[in-house]
Amino acid sequence: MTAQIIDGKLIAQQVRAEVAAKVAERTAAGKRKPTLATVLVGDRPDSAAYVTSKGKACQELGMGSISEHLPADAAQEQVETLVKKLNADPEVNGILVQLPMPAHINEERVLALIDIEKDVDGFSPINIGRLAQKGREPTFVPCTPYGCIYLLEQAGVQIEGANTVVLGRSNIVGMPAALLLIGKNATVTVCHSRTRDLPGIVRQADILIAAIGKTQMVRGDWVKPGAAVIDVGINSVPDATKKSGHRLVGDVHFDEAKEVAGFITPVPGGVGPMTIAMLMKNTLHAAEIQDP
Ligand code: GUN
């Protein structure tokens, strides 16, 4: 059996088109453009590229963007003062602090400062706390896990009652993905670097979310026949046939896994484009809350 490929690029385009249409409706009605402020501390090239893409997406969808950049040696207080300024700025609907920040910055304190109604990344402790509790709704769902669930739902994969394995327990993907799946009545196992018999546990998954950051770690014989495989990994490997000298691969060995799985996301073109699409959706949602 060859898996159905879940086309994240196409689904992300559809989400973006829906957001753009609602943004156009709001601006035609005389409302302010939904606006996202990004905060980059330091000069990590990957983080700089991510915030540039986020600003570009805002422009493409008719939204506003403000890009704040502090040097790598910025003091904790400088970062906190900037977040407070953006909290108080009525032009700003959403605030995204790009992670990771330099090691001397207390990330938890910065994230906790973000106004709950502007926390479009969903990383404030209040949002995560609500996500973890029964009967409570987070104001915003973290973008990458939100994108993973959206892809599963678009592909028609049943989440309720499914045996689901989340590979990785990061604050950005693994943990919020597990909490979201529990909220959707899946049975969830979270695996990490100290899990024993990883292949044996992954093999029981009807749905696998791989977010461990290890190149092609999940082999074809780890995958349960017919399973839905969502690959969050973005790993760069050398490839002399490419002009750039490298190519991106996931945490799943795609060529092997696609022969066994029922559904699979490619890398690139799977989860990646969904993260920004869901961020745009969250930024629109922020504007709708603040200016109904
Ligand atoms: N770094 C890697 N992914 C993310 C993300 O989704 N949001 C933020 N703020 N930083 C990240």
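The values are calculated or read from the model by the stated rules, or taken from the named source; none is laboratory data. Quick caveat, the model's predicted, so the values are computed rather than measured. Using ideal geometry, Cβ is built from the backbone for each residue, glycine included, and neighbour counts are taken over all protein chains shown.
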For the range 110-141: of the residues being more than 13 Å from the ligand (Cβ to nearest atom) and in contact with an Asp or Glu (Cβ under 7 Å, 6 or more places away or on another chain), which is farthest from LEU82 (Cα to Cα)?
ARG130
Among the residues of the range 1-32 satisfying the criterion of being over 23 Å from the mean Cα position of the chain (by Cα) and not aliphatic (A, V, I, L, M), which is surrounded by the most Cβ atoms within 10 Å (Cβ to Cβ)?
ARG26
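Whether any residue in the range 224-245 is loosely packed, with under 14 Cβ neighbours inside 10 Å, part of a loop (DSSP other than H, G, I, E, B) and touching a residue at least 24 places away in the same chain (Cβ under 8 Å) is what I want to check.
Residues of the range 224-245 that are loosely packed, with under 14 Cβ neighbours inside 10 Å, as a first pass: 225-226, 236-245.
Still in the list and also part of a loop (DSSP other than H, G, I, E, B): 225-226, 239-245.
Among the residues that remain, those that are also touching a residue at least 24 places away in the same chain (Cβ under 8 Å) are: 225-226.
Within the range 224-245 (the criterion being loosely packed, with under 14 Cβ neighbours inside 10 Å, part of a loop (DSSP other than H, G, I, E, B) and touching a residue at least 24 places away in the same chain (Cβ under 8 Å)), the answer is yes, since at least one residue qualifies.
Do you know which residues across the range 92-106 are within 10 Å of the ligand (Cβ to nearest atom) and either surrounded by 23 or more Cβ atoms within 10 Å (Cβ to Cβ) or farther than 24 Å from MET63 by Cβ (or both)?
ILE95, LEU96, VAL97, PRO100, MET101
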When you look at THR275, is it in contact with a Pro (Cβ under 8 Å, 6 or more places away or on another chain), under 21 Å from VAL51 (Cα atoms) and in contact (Cβ under 8 Å) with a residue 40 or more places away in the chain, yes or no?
no
Could you list all residues from the range 243-261 that are of a type in the set (Gly, Ala, Ser) and within 23 Å of the chain's Cα centre (by Cα)?
GLY250, ALA257, ALA261
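Given the structure, is ASP221 surrounded by fewer than 24 Cβ atoms within 10 Å (Cβ to Cβ), modelled with pLDDT of 95 or more, over 14 Å from THR164 (Cα atoms) and touching a helix residue (DSSP H, G or I) at 6+ places or on another chain (Cβ under 8 Å)? Explain how you work it out, then say what you get.
On the way: surrounded by fewer than 24 Cβ atoms within 10 Å (Cβ to Cβ): yes; modelled with pLDDT of 95 or more: yes; over 14 Å from THR164 (Cα atoms): yes; touching a helix residue (DSSP H, G or I) at 6+ places or on another chain (Cβ under 8 Å): yes.
Yes, satisfied.
Can you list the helices (runs of 4 or more DSSP H) lying wholly within the range 139-215 that have 1 or more residues being touching a residue at least 60 places away in the same chain (Cβ under 8 Å) and closer than 24 Å to VAL97 by Cα?
Working: elements: 143-154, 174-183, 198-202.
Answer list for the range 139-215: 143-154.
Yes/no per residue for (1) more than 27 Å from ASP231 (Cα to Cα); (2) in contact with a Cys (Cβ under 6 Å, 6 or more places away or on another chain); (3) free of Cβ contacts under 8 Å to residues at least 60 places away in the same chain:
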position: THR2; (1), (2), (3): no, no, no
position: ILE6; (1), (2), (3): no, no, no
position: VAL23; (1), (2), (3): yes, no, no
position: GLY42; (1), (2), (3): yes, no, no
position: LEU70; (1), (2), (3): yes, no, yes
position: VAL79; (1), (2), (3): yes, no, yes
position: ASN87; (1), (2), (3): yes, no, yes
position: GLN98; (1), (2), (3): no, no, no
Might you check whether a residue that is more than 16 Å from the ligand (Cβ to nearest atom) and in contact with a Leu (Cβ under 9 Å, 6 or more places away or on another chain) occurs anywhere in the range 48-59?
no
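The rows are residues; the columns are (1) in contact with a strand residue (DSSP E or B) (Cβ under 9 Å, 6 or more places away or on another chain); (2) within 20 Å of ILE172 (Cβ to Cβ); (3) polar (S, T, N, Q).
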| position | (1), (2), (3) |
| --- | --- |
| LYS56 | yes, no, no |
| ASN87 | yes, no, yes |
| LEU99 | no, yes, no |
| LYS118 | yes, yes, no |
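Any idea which residue in the range 60-79 is surrounded by the most Cβ atoms within 10 Å (Cβ to Cβ), counting only those that are among the acidic types (Asp, Glu) and more than 16 Å from the ligand (Cβ to nearest atom)? Before you say what the answer is, go through the steps one by one.
Within the range 60-79, the subset among the acidic types (Asp, Glu) is 60, 68, 73, 77.
From the residues that got through so far, the ones that are more than 16 Å from the ligand (Cβ to nearest atom) too are 60, 73, 77.
Details: GLU60: 12, ASP73: 10, GLU77: 8.
Going through the qualifying residues, I end up with GLU60.
Taking ALA12, is it of a type in the set (Gly, Ala, Ser) and in contact with a Phe, Trp or Tyr (Cβ under 7 Å, 6 or more places away or on another chain)?
Answer is no for this residue.
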Based on this model, can you work out whether ARG44 counts as modelled with pLDDT of 95 or more and within 16 Å of the ligand (Cβ to nearest atom)?
yes
Quick test for you: out of ALA112, ALA21, ALA37, pick the one residue that is on the phi < 0 side of the Ramachandran plot, among the small types (Gly, Ala, Ser), at pLDDT 95 or above and out of contact with any Ser or Thr (no Cβ under 9 Å at 6 or more places or on another chain).
ALA21
